Amino acid sequence: YDLIIMDTAPTGHTLRLLALPKVMERWVHAYSLMQRKHKYMQRTFAGRCTLDTVDDFLKTFDADLRRVRELLYNSAAAEFVPVLNADPLSVAETRRLVDALAGMGIAVRSLIVNRVPPDGDCPLCHARHAGATSWLTRIEQDFVPMSSGFNLVRVPLMAVQVRGVEMLARVGATLFGPGAPRSEPGARATGQDPALALGVRTFRHQPLRHRRTPLAELLDRACKFILFGGKGGVGKTSLAAATALRIAEQRPTERILVLSIDPAHSLSDCLACPVGNRAVRINAPGLLEAKELDAEELFEAYRDQYRRDVARAFDVAGNAELRFDREVMDELLSVWPAGLDEIMALVEVIDLADAYDLVVLDTSPTGHLLRFLEMPELARQWLKAILRIILKHQAVIDLTDAGERLVRLSRDIRRVQGILTDPDQTRFVAVTIPETMAMAETHRLLASLKGLGVACRDLVINMVTPGRASCPFCRARRH
């Protein structure tokens with residue numbers, strides 16, 4: 001291909017993707033240490049060593065990683081274009097994304113502000129437009145001064161879903177110009193309903209065959225965890241925070257924790273108050289606290305303690321011949337699978353849950369969330385592999401402390417697995433919006449949850465356009 005255009009995952013997962021080359025370089029280093037030990041044994045007992053398939057693999061893997069880094073971090077070869085909405089949560093998250101990209105040496109020269117609502121006489125349209133206008137001004141102040149050639153593009157909120165070649169072509173015309181789309185969504189010049197002008201077929205709603213009730217049952221249910229999950233941008237953070245506030249108000253004597261496990265935290269921005277890795281009290285009725293888990297910091301602390309256990313064991317042995325073994329054991333936790341740090345963080349939360357009556361979790365978007373829910377089994381298999389390596393060394397070096405630490409972690413991860421799949425302890429609330437792509441992703445999410453044994457009986461449809469709108473644009477959105 002002459003050009004590859006990538007639709008990446010939401011912010012937190014994308015930053016993990018971009019950090020993968022460095023993580024995998026640590027893998028290569030750890031495997032190379034093991035291979036050096038193998039070569040040392042060959043020379044010691046056979047008098048010579050030869051290159052093998054492992055050497056070929058490491059050489060090829062290392063070359064591939066260098067090529068990936070050269071592509072991702074070369075501004076002449078790759079460009080990163082952040083997309084955001086004109087609202088406070090999206091602006092704050094994009095600011096952190098751009099800063100993180102700059103720290104990686106990845107330049108950002110263009111920014112797309114999507115779904116800018118039109119102005120109009122309709123109170124809803126007018127309120128949306130006024131709110132977006134203030135944030136557009138903020139975006140220009142915060143982002144445009146970053147470089148003299150910075151390109152800021154606005155894309156209007158369409159009256160119908162952007163789906164299919166014709167609608168995507170309209171968006172492309174807005175992105176690349178010149179001029180606006182062939183027909184401006186919501187324009188009143190033609191006197192025609194824009195929903196009909198854009199080819200939207202009207203239809204009669206069929207009776208809904210499910211309970212249309214609020215989540216009032218959650219106020220009385222004695223579960224321990226409520227998880228909110230869904231596609232990025234559907235409002236999981238806001239709904240998780242609103243639920244926690246409501247339950248705290250209804251249960252004034254109980255301690256409630258609203259917790260973000262999304263690597264791209266938005267809970268602070270949503271609550272409009274500082275929230276970090278330590279639980280903070282929220283100024284609201286009831287006993288509500290909020291926390292944003294720093295999973296990487298927790299994992300680093302665990303890895304440091306593991307390394308201290310290993311260092312102490314080898315210092316006691318005092319055998320210089322074990323230098324390869326010491327390096328290998330020291331680096332074992334460098335080859336951890338992506339997502340293990342979040343599982344470890346949840347292990348800590350479950351330990352802390354004894355201090356709370358209820359924990360409401362704001363999870364990461366669908367793909368990352370499903371990976372997170374699949375992680376316990378993968379993490380336990382990974383820990384078994386590491387424990388096998390430790391047992392092989394146990395005959396010559398006492399690694400009991402390091403081994404027991406990993407065994408406890410494996411046991412805790414099994415406990416996490418049990419709690420997530422126990423409907424009496426955990427309630428999963430899926431969040432979507434009434435648009436085709438969000439609905440399709442929600443179908444996949446529900447099917448995956450069923451396969452993982454996680455029960456989901458609640459679906460919240462967010463951002464529904466009010467009915468009986470006299471405004472043509474709102475009526476088109478409603479259809």
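The values are calculated or read from the model by the stated rules, or taken from the named source; none is laboratory data. What you see is a predicted model, and the numbers here were worked out from it, not measured in a lab. All Cβ positions, even for glycine, are placed from backbone atoms using ideal geometry, and neighbour counts span all protein chains on display. When the accessible area is computed, the model is the full protein with side chains, heavy atoms only, and any ligands, DNA or RNA have been set aside. Shrake-Rupley method; radii C 1.70, N 1.55, O 1.52, S 1.80 Å.
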_Among DSSP bridges having both ends in the chain, what percentage is antiparallel? Round to the nearest 5._
5 percent
*asked:* For the chain, what does the accessible surface come to per residue with a 1.4 Å probe? Please give it in Å².
replied: 54 Å²
_Let's test this: bin the Cα-Cα distances of region 424-472 at 10 Å from zero up to the farthest pair and state each bin's percent._
22, 42, 23, 9, 3
*Mind putting a number on the dipole of region 1-133 about its Cα centre? Charges go on the C-beta only, +1 for Lys and Arg and -1 for Asp and Glu, and I need it in Debye to the nearest 20.*
900 debye
_Calculated over the chain: convex hull of Cα atoms, volume per residue (Å³)_ = 190 Å³
*Mind pulling the per residue volume of the convex hull built on the Cα atoms of region 371-479? Å³ is fine.*
127 Å³
*So, with a 1.4 angstrom probe, what is the percent of accessible area on region 9-50 that is carbon and sulfur?*
64 percent
_Are there any GluC sites (Glu not before Pro) in region 217-314 that are in a DSSP loop and have at most 16 other Cβ atoms within 10 Å? List them by number._
Glu254
*Could you list, by residue number, the cysteines of the chain that have no other cysteine's beta carbon within less than 4.7 Å of their beta carbon?*
Cys49, Cys223, Cys270, Cys273, Cys456
_Approximate shape of region 14-58 as ellipsoid semi-axes (Cα gyration tensor, √5λ), whole Å, largest first_ = 30, 10, 4
*asked:* Placing unit charges on C-beta atoms (Lys and Arg positive, Asp and Glu negative, everything else neutral), compute the dipole magnitude of region 372-443 about its Cα centre in debye, rounded to 20.
replied: 400 debye
_Cα-Cα pairs of region 1-111 separated by more than 18 Å (percent)_ = 62 percent
*Between region 13-60 and region 365-428, what's the alpha-carbon centroid distance in Å?*
25 Å
*Helix-only [θ]222 nm of the chain, DSSP H runs n ≥ 4, -39500 (n - 2.57) each, per residue, nearest 500*: -17500 deg cm²/dmol
